[in-house]
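The values are calculated or read from the model by the stated rules, or taken from the named source; none is laboratory data. Given the structure is predicted, the values throughout are model-derived calculations rather than measurements. Cβ placement follows ideal geometry from the backbone for every residue including glycine, while neighbour counts extend to all protein chains displayed. The area values use the complete protein model at the heavy-atom level, side chains included, leaving out ligands, DNA and RNA. Shrake-Rupley method; radii C 1.70, N 1.55, O 1.52, S 1.80 Å.
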Amino acid sequence: MDISVKELVCNIAEKLSDYEKMKSIVNQPNNFIKIGNKTINPYNDLSLSHGLPALCALYGELSEQYPDGEWDKIGHRYMMRIGEQINQYGFTSLSMFSGLSGIGLAATCLSKKGTRYQNFISNINNIISEKAYGIIEYLKMKRFPNMEDYDSITGLAGIASYSMLFPKEMEKTISGILEYIVELCQDKQIGELQVPGWFIPPENYFSERDRSISSDGFFNIGLSHGIPALLIILSNAKELNIYVDGQDECIKKLAEFLIKYRIKEGDKVYWGTHVTLEEFEKGTIINKYTRDAWCYGSPGVAYSLLIAGKTLENQSYIDFAVNGLEMASNRLYDIYSPSFCHGLSGVAYICQRFFEETNIDYFRKRSLELANDILGFYKEEYPFGFKNIEDSEGEKKYYDYVGLIDGTAGVLLTLLAIINGKKTSWDSAFLLSEV
């Protein structure tokens, strides 16, 4: 490619700086998606997943990487819009990808190492601290969880990941979430069967797709919506010296559950997306469907085992993690989009984090190869340089999105991190940050 990564990223970032033009593109009907019987536009000004906070995180990173530009000023304009919208409409949740945690993360990325937006960030942290307690107490009363109660996207794991950027200020909130996770890890009785408390029964399913996985309930093992997120939060909190009773035991229980329900292929291992109640009873995986992504499959699971292994100094966890990511990063099953959540960017960045944590040269080499593959998706004529690609009943559909999870911001941040090294904490959104 003739264009440098710096030039490519900066050119796209310039295009994204025109708010009205950007909004007119994302509001095109061909960018809407179907969920059940509804057609919705995923774009939301206040969501890190699909809106302005993702762009603020991008401009914050660009300002650190290329301080001679005026990226912080563009980011500030968008942050002012976010503030105006919160004042006018309020906020919907505390969550990472659609609520206050994501907005706080965006402001932190733009804050020039905590020297800007101090009052704004402090207000967000105070609201999270005040409201998290009631949420935790409510969730503790439930016999079994919904995945969105505790997950990294809308649940407590995402809130905890943000809170860990402020370990002293938010220690009470983090400890409360840890106590909830420890309680969630306790066994519960279903008929004659004892199951871990993170079991999702049929009445708590999120969608009809869940019902197609199992009619009897399951255990979600994807990093986006499942127990790897809990494993990372428990492990990272311990690294920050934030500890509650039973934390180590829960790290072991979660890690060993993931290891037990791995899929073996010769001397290689990988992970699926869910463990059904039938598979739990039999102690073996029957359905071997997977995808090799951040959200579901081996990359996300492997990262959680790597962090748990380093935290508990358990080499076997690390070995399973390395084996799993080596296989997944070569196979790339069901990966066809440049995006982060379920595309190449997520796998590429996890390879980069593995290299940083293990110093194994293979992962640095693979992250660079995958970054080059991502660049192959770039087209100058695309409004935002890259399109998110989804499979709809065997047909590939292309979307112009700007957000972190499946939009251009997530792709550009990945490229910058792999080529130049990361300067801000944007990867906390994906639970991939070094604590």
The chain: angle of helix 71-89 to the longest principal axis, Cα-based, in degrees nearest 10: 60
Of 80, 49, 11, farthest towards positive along the dipole that unit charges on Lys, Arg, Asp, Glu beta carbons give the range 1-107: 49
All Cα pairs of the range 166-283, percent lying beyond 21 Å: 43
Unit charges at the beta carbon, dipole of the chain: most positive-side option, 59, 193, 178: 59
Folded to 0 to 90 degrees: helix 315-331 orientation relative to the chain principal axis, Cα: 50
Reachable lysines from residue 397, criterion Cα separation under 24 angstrom, eight or more residues apart if same chain: 15, 21, 23, 34, 38, 379, 387
Rel. contact order, % - alpha carbon contacts under 8 angstrom, at least six apart, the range 332-406: 31
Relative contact order %, the range 62-117, counting alpha carbon pairs below 8 Å whose residues are six or more apart: 25
Accessible surface, per residue, of the range 231-342 when the full set of protein chains is kept, probe 1.4 Å, Å²: 37
Most mobile of 261, 382, 399 in a GNM of the chain (Cα contacts under 10 Å): 382
Translational diffusion coefficient (Stokes-Einstein; Kirkwood radius from C-alpha pairs) of the range 226-369 at 25 °C, 0.890 mPa s, in µm²/s: 161
Relative contact order, percent, the chain [alpha-carbon distance under 8 Å, six or more residues apart]: 16
Area of residue 80 that stays accessible when all protein chains are in place (1.4 Å probe, Å², to 10): 100
Heavy-atom SASA rank of 333, 59, 89, 205 (probe 1.4 Å, accessible area, largest first): 89, 333, 205, 59
Convex hull of Cα atoms in the range 270-319, direction-averaged projection (nm²): 3.9
GluC sites (Glu not before Pro) restricted to DSSP loop in the range 53-127 with at most 14 other C-beta within 10 Å: 70
Cross-link partners of residue 288 among lysines (Cα-Cα below 22 Å; sequence separation of 8 or more within a chain): 260, 264, 268
Helix axis angle, 227-239 relative to the chain longest principal axis, alpha carbon, degrees: 80
Three-way shape call for the range 39-131 based on the alpha-carbon gyration tensor, with the a/c threshold at 1.5: oblate
Unit Cα scatterers, Debye sum, the range 300-370: log10 I(q)/I(0) for q = 0.13, 0.17, 0.26 Å⁻¹: -0.33, -0.56, -1.17
Most mobile listed residue (320, 144, 166) in the chain, GNM with C-alpha springs under 10 Å: 166
Whether the range 99-181 is rounded, prolate or oblate, judged on the alpha carbon gyration tensor where a/c under 1.5 counts as rounded: prolate
Helix-only [θ]222 nm of the chain, DSSP H runs n ≥ 4, -39500 (n - 2.57) each, per residue, nearest 500: -16500 deg cm²/dmol
Solvent exposure, largest accessible area first (probe 1.4 Å, DNA, RNA and ligands not counted), of 168, 188, 310: 168, 310, 188
Heavy-atom accessible surface of the chain: percent carbon and sulfur, 1.4 Å: 47
